[in-house]
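*Asks:* Dumping the structure here so I can ask a few things about it.
Each reported figure results from applying straightforward, stated rules to the coordinates on display, with no laboratory input. Just so it is clear, the model here is predicted, and its values are computed rather than measured. Heads up, the Cβs are rebuilt from the backbone with ideal geometry, glycines too, and the neighbour counts pull from every protein chain shown.
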Amino acid sequence: MQRIPSFCIDHTRLEKGVYLSRQDDDVLTWDVRIKRPNQGDYLAVPALHTMEHLFATYARNSEWKDGVIYIGPMGCRTGMYFLTRGLSNDQVLDCIRESFRFMASFEGEIPGTKPEECGNFAEHDLEGCKKESAEFLKVLEKLTPEGMKYQYYLK
């Protein structure tokens, strides 16, 4: 089998950020790296689960909603996958920034957390989500579209 491109990235050097992972026709996959890989500091599952609900809810209701395809957690618990179509790099970064601002300041009932709406409705952590989102916002505020490339981390 061919090695998939994301496994060709040196995860021992990878920094927090947003990276274009792949392009399939007009669908772009973005890796939203909230934590540095292999450093022993990972997103706690309940906080990551809440982040998934809030990120998806915000982005799919935002001005960029028509370009949002999918948002989901990385199995390694270092971030989220964000799939888009028809959005510029600037728009993707704006959508991610605004989503993380929303998550960092969210108050109230987490959307989609009733038993009939979620397969693991009881495992959420809003405070953990808010803390992680606020911390990652520091990275997002400095990020530019030009810095959203894995080219610096190829093995």
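*Asks:* Taking square-rooted eigenvalues a ≥ b ≥ c of the alpha carbon gyration tensor, is the range 36-80 rounded, prolate or oblate, where a/c under 1.5 means rounded and, failing that, a/b exceeding b/c means prolate?
*Replies:* prolate
*Asks:* Could you tally up the Lys pairs in the range 1-136 with alpha carbons closer than 16 Å? Skip any pair fewer than 8 positions apart unless they're on separate chains.
*Replies:* The result is 4.
*Asks:* For the chain, give the magnitude of the charge dipole about the Cα centre (Cβ charges: +1 Lys/Arg, -1 Asp/Glu; no others), in debye to the nearest 20.
*Replies:* It comes to approximately 640 debye.
*Asks:* Take LEU126, LEU137, LEU54 and order them by how many other Cβ atoms sit within 10 Å, fewest up front.
*Replies:* By the 10 Å Cβ count, ascending: LEU137, LEU126, LEU54.
*Asks:* A further question follows. Quick one: CYS95, CYS118, fewest Cβ neighbours within 10 Å first, how do they rank?
*Replies:* Listed from fewest to most nearby Cβ atoms, that is CYS118, CYS95.
*Asks:* In addition: Using helices alone, I'd like the mean residue ellipticity at 222 nm for the chain: each DSSP H run of four-plus residues gives -39500 (n - 2.57), total over residue count, nearest 500.
*Replies:* When only DSSP H runs of four or more count, the value is -10500 deg cm²/dmol.
*Asks:* A further question on this structure: Under a crude label model (7 Å from the Cα following the beta-carbon direction), how far is GLN23 from GLU107 in nanometres?
*Replies:* 4.3
*Asks:* Which one, GLN23, GLN91, GLN39, has the greatest fluctuation when you compute a Gaussian network model over the chain with C-alpha springs under 10 angstrom?
*Replies:* GLN39
*Asks:* Then there is this: Is the shape of the range 1-119 rounded, prolate or oblate, going by the alpha carbon gyration tensor and its root eigenvalues a ≥ b ≥ c, with a/c under 1.5 for rounded and a/b larger than b/c for prolate?
*Replies:* Because a/c hits 1.5 or more and a/b fails to exceed b/c, the range 1-119 counts as oblate.
*Asks:* Could you tell me which of rounded, prolate or oblate describes the range 77-155, using a ≥ b ≥ c as the square roots of the eigenvalues of the alpha-carbon gyration tensor, with rounded for a/c under 1.5 and, failing that, prolate when a/b is larger than b/c and oblate otherwise?
*Replies:* prolate
*Asks:* Continuing with the same structure: Residue farthest toward the positive end of the dipole of the chain, with Cβ of Lys/Arg at +1 and Asp/Glu at -1: which of PHE55, THR78, ILE96?
*Replies:* Sorting the options by dipole projection puts first THR78.
*Asks:* Return the loop-located trypsin sites (Lys or Arg not before Pro) in the range 1-53 (DSSP other than H, G, I, E, B) with at most 10 other Cβ atoms within 10 Å of their own Cβ; answer none if there are none.
*Replies:* Here the sparse-neighbourhood loop sites are ARG3.
*Asks:* Quick check on the exposure proxy: order THR84, THR12 from fewest to most C-beta atoms within 10 angstrom.
*Replies:* The order, fewest Cβ neighbours first, is THR12, THR84.
*Asks:* Also, I was wondering about something else. Report relative contact order for the range 5-153 in percent, whole number only (criteria: Cα-Cα under 8 Å, sequence separation at least 6).
*Replies:* 30
*Asks:* Next question. Can you name the helices of the chain, as whole DSSP H runs, whose Cα span along the helix axis is 20 Å or more and whose Kyte-Doolittle mean is not below 0.0?
*Replies:* Both cut-offs are met by 45-59.
*Asks:* Please give the contour-minus-distance gain from LYS138 to CYS76: 0.36 nm per residue of separation, less the Cα-Cα distance, rounded to one decimal in nm.
*Replies:* Full-extension gain reported as 20.1 nm.
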